[in-house]
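Only the coordinates and a few stated rules stand behind these numbers; no lab work does. Everything quoted here is computed from the prediction, not taken from an experiment. Positions of Cβ are backbone-derived with ideal geometry, glycine not excepted, and every protein chain shown enters the neighbour counts.
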Amino acid sequence: MVGTPGASWRMVAPLTAAQIGERELLARILQRLPPIPSSVLVGPGDDAAVLAPERNERLVVTADAVVENVHFSRAYSRPHDIGHRALAVNLSDLAAMGAVPRWATLSLILPGTVVVEDLEALVDGVAALAVQHHLAVIGGNISRTDGPLVVDITAGGSVPPRRWLTRSGARAGHDIWLSGTIGAAAAGWEMLDQGSGIGEQRAADACIARHRRPEPRVRLGIAISRARVAKAAMDLSDGLADALRQVAAASGVGVRIDADSLPIDPGAREWWTGRRVDPVSAALIGGDDYELLFAVPPKSGRALRAVARQVADPPLTKIGEFTKDHTELVLVRGAVAEELPDGYQHFSRR
């Protein structure tokens with residue numbers, strides 16, 4: 001039932017991390033990692049990994065962590081889901097740059113009470129997504145904490161010379177395109193926390209799944225960077241409003257968004273409407289979407305859609321344009337223009 005602890009985490013169990021110790025824990029983790037490819041000359045088990053660089057490629061590196069009670073709750077998410085999520089958020093960063101995933105390191109900061117079987121399931125979640133994207137887990141670290149559980153990943157990928165995408169390439173007149181839908185993951189977290197009153201249980205389950213197991217748009221990011229149809233890109237980790245503001249700031253341009261064009265997830269819209277919350281504002285600031293935002297010259301719109309169809313990723317939606325005035329950060333609702341809301345920020349007092 002939605003809103004009840006749906007996890008398989010065991011808070012009290014016969015075998016915990018503290019009981020078996022670091023060396024045994026490492027041995028169990030190493031057994032669950034995917035096979036190491038020939039491009040990894042020295043893999044897990046040594047002081048550091050040694051990699052053979054991809055020929056005629058440039059290295060792209062990102063790092064992100066998921067923290068208990070900030071990004072997930074063990075009361076609501078299964079261990080496998082947490083492992084999936086931890087790698088997925090890093091793959092989303094690589095996707096935004098147009099990079100092919102190559103490797104990752106996995107660091108675990110664990111309470112001693114974590115059950116070994118649950119930790120193994122978490123590592124399985126990382127490994128399954130790594131296999132899906134042909135990525136090697138080349139090493140990592142384990143530390144004990146009296147605080148929350150943390151999964152910290154550094155991921156590396158590669159991209160041909162000058163084919164990477166950044167946040168700073170948007171120009172006035174470029175159209176703003178967005179993959180997939182927004183709002184589902186944020187609504188899913190609220191449903192878990194508050195209990196779902198949504199009419200369609202299937203829609204509620206879909207929103208919760210988007211929170212628990214985000215799907216990075218890796219193939220889409222790679223294809224669009226190779227096709228050279230976008231001039232800037234960013235992934236939506238802290239919400240669409242935050243991404244728009246960051247791309248605008250990096251590029252020195254303004255933003256004008258059409259509220260009616262926003263692809264808000266239907267289940268999320270129903271959830272917020274039923275609670276008298278503005279779905280547009282909630283979807284803009286909710287975060288955890290992990291979709292991709294692109295700045296695209298108007299003449300390249302048709303080619304952009306063609307690329308998306310080829311990789312069979314979610315459809316793309318044009319939601320507005322970048323403007324010349326860098327102080328203009330506008331959301332248009334019919335005939336009314338209002339300031340674009342801020343996105344989520346860590347350490348914010350809000």
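Quick look at the numbers
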item	result
Where labels lie 7 Å past Cα in the beta-carbon direction, separation of residue 56 and residue 302 in nm	3.1 nm
Distance-filtered residues of the range 156-186 - backbone nitrogen under 19 Å, label point 7 angstrom along residue 48 Cα→Cβ	156-157
Positive-end residue, the chain charge dipole about Cα centroid, Cβ charges, pick of 214, 173, 49	173
Percentage of interatomic Cα-Cα distances in the range 17-159 larger than 19 Å	49 percent
Projected area averaged over orientations for the chain, convex hull of C-alpha atoms, nm²	18.5 nm²
Estimated FRET transfer efficiency (residue 128, residue 193; beta-carbon r; R0 30 Å; 0.05)	0.70
Stretchable slack from residue 145 to residue 324, in nm (0.36 nm times residue separation minus alpha-carbon distance)	59.5 nm
Top of 276, 32, 144 by mean-square fluctuation, Gaussian network on the chain, Cα under 10 Å	276
Per residue Cα convex hull volume in Å³ - calculated over the range 175-339	112 Å³
Distant-in-sequence amide H partners of residue 255 (H built 1.01 Å from N, under 5 Å)	323, 328, 329, 330
Proportion of all alpha-carbon pairs of the range 203-295 beyond 24 Å (%)	26 percent
Full-extension gain in nm, residue 260 to residue 75, via 0.36 nm per residue minus C-alpha separation	63.0 nm
Top of 90, 56, 69 by mean-square fluctuation, Gaussian network on the chain, Cα under 10 Å	56
